[in-house]
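In what follows, a single structure is set out as structure tokens and then discussed.
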Amino acid sequence: MSSVVPAARPRAASSSASASAPLRRKPVLLRPFAKPLLFVICLLPFAWLLYGAIANTLGANPAEALIRATGDWTLRFLCITLAVTPLRKWTQQPALARFRRMLGLFTFFYGCVHFLCYSWLDMELVWGDIVRDIVKRPFILVGTSALLLMAPLAATSFNRAIKALGAKRWQALHRVVYAVALLGLLHFFWMRAAKNNFAEVAVYAVVLAVLLGWRVKAAWGSRTASAPSSLITNSSTP
């Protein structure tokens, strides 16, 4: 009996110590409300434009305002999506990666709304005229090509698609986003060239140059880092 009583005391002490230890809180980016909050924030531009269309507060030409605004938000969300990985590296916040899929899908969403506004408000959903207009005007052809390239990216942005395609094929497919970024910038440039307004184009060009340049540098760094190890393995083989 004397051996049982002393053995129970350390357990009580350890339990009291664990109870008094402060509980670690999850980072804000990992909390359950983070994704729903981001979803609501991403919908705010659409809600504001919808309210403006209903309340007739979009100016003298609401159709043009909707087409321009939805195109602007598509390019903005594309830049934000491309910025997730560099920001994750620079800030050392791996939890940012969990928002990249949602941001990419919202990019495609605003691109579809942009094309719908053009097709409905500008072309009155006459598909024959829409096709002829796309072929006739290069900047619309470039923008439509960017939207079509985004479609398979959105369709394969789920875990089942990654498993079905395999990680390497999935990554190779989603590198198409770089072409989408360049086509989107060219579409925006040609649209603003008609009015000789290149201020915003220059801003987006700088942002995309930084984001794409970071990826080129990171890819080059990974290749040069793997080159010495491959040389060592090749020299060790008979």
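What follows is calculated from the coordinates using simple rules that are stated; it is not laboratory data. What you see is a predicted model, and the numbers here were worked out from it, not measured in a lab. All Cβ positions, glycine included, derive from the backbone under ideal geometry; neighbour counts span all protein chains shown.
Just add up the charged neighbours of SER157: K/R +1, D/E -1, any other residue whose Cβ is under 10 Å from the Cβ of SER157.
Cβ neighbours under 10 Å give a net charge of +2.
Quote to one decimal, in nm, the extra length available between ASP72 and LEU149 on full extension: 0.36 nm per residue of separation minus the C-alpha distance between them.
Stretched out fully, the ASP72 to LEU149 stretch lengthens by 25.9 nm.
Under 28 Å between alpha carbons, and skipping anything fewer than 8 positions from LYS136 in its own chain: which lysines qualify?
Hits, sequence-local ones excluded: LYS195.
Beyond a 23 Å Cα-Cα separation, which of these cross-linked pairs lie in this structure: LYS89/LYS163; LYS168/LYS217; LYS26/LYS163?
LYS89/LYS163; LYS26/LYS163
Among ALA202, TYR178, ALA161, whose Cα sits farthest toward the positive end of the charge dipole of the range 153-222 (+1 at Cβ of Lys/Arg, -1 at Cβ of Asp/Glu, about the Cα centre)?
Result: ALA161, furthest along the dipole toward the positive end.
Mind ordering 114-120, 204-210 by average Cβ neighbours within 10 Å, highest first?
Most protected by this proxy first, the peptides run 114-120, 204-210.
For the range 30-219, compute the orientation-averaged projected area of the C-alpha convex hull (one quarter of its surface), in nm².
12.7
What does the charge count near ILE140 come to, summing +1 for each Lys or Arg and -1 for each Asp or Glu among other residues with Cβ under 11 Å from its Cβ?
Net local charge, ILE140 excluded: +1.
Return the loop-located chymotrypsin sites (Phe, Trp or Tyr not before Pro) in the range 38-76 (DSSP other than H, G, I, E, B) with at most 10 other Cβ atoms within 10 Å of their own Cβ; answer none if there are none.
Passing both the DSSP loop test and the Cβ count: no residue.
Using per-residue counts of other Cβ atoms within 10 Å, averaged over each peptide, order 188-195, 177-184, 31-38, 76-83 from highest down.
76-83, 177-184, 188-195, 31-38
Compute the signed sum of charges (Lys and Arg +1, Asp and Glu -1) over the other residues within less than 12 Å, Cβ to Cβ, of ARG68.
Its environment carries a net charge of -2.
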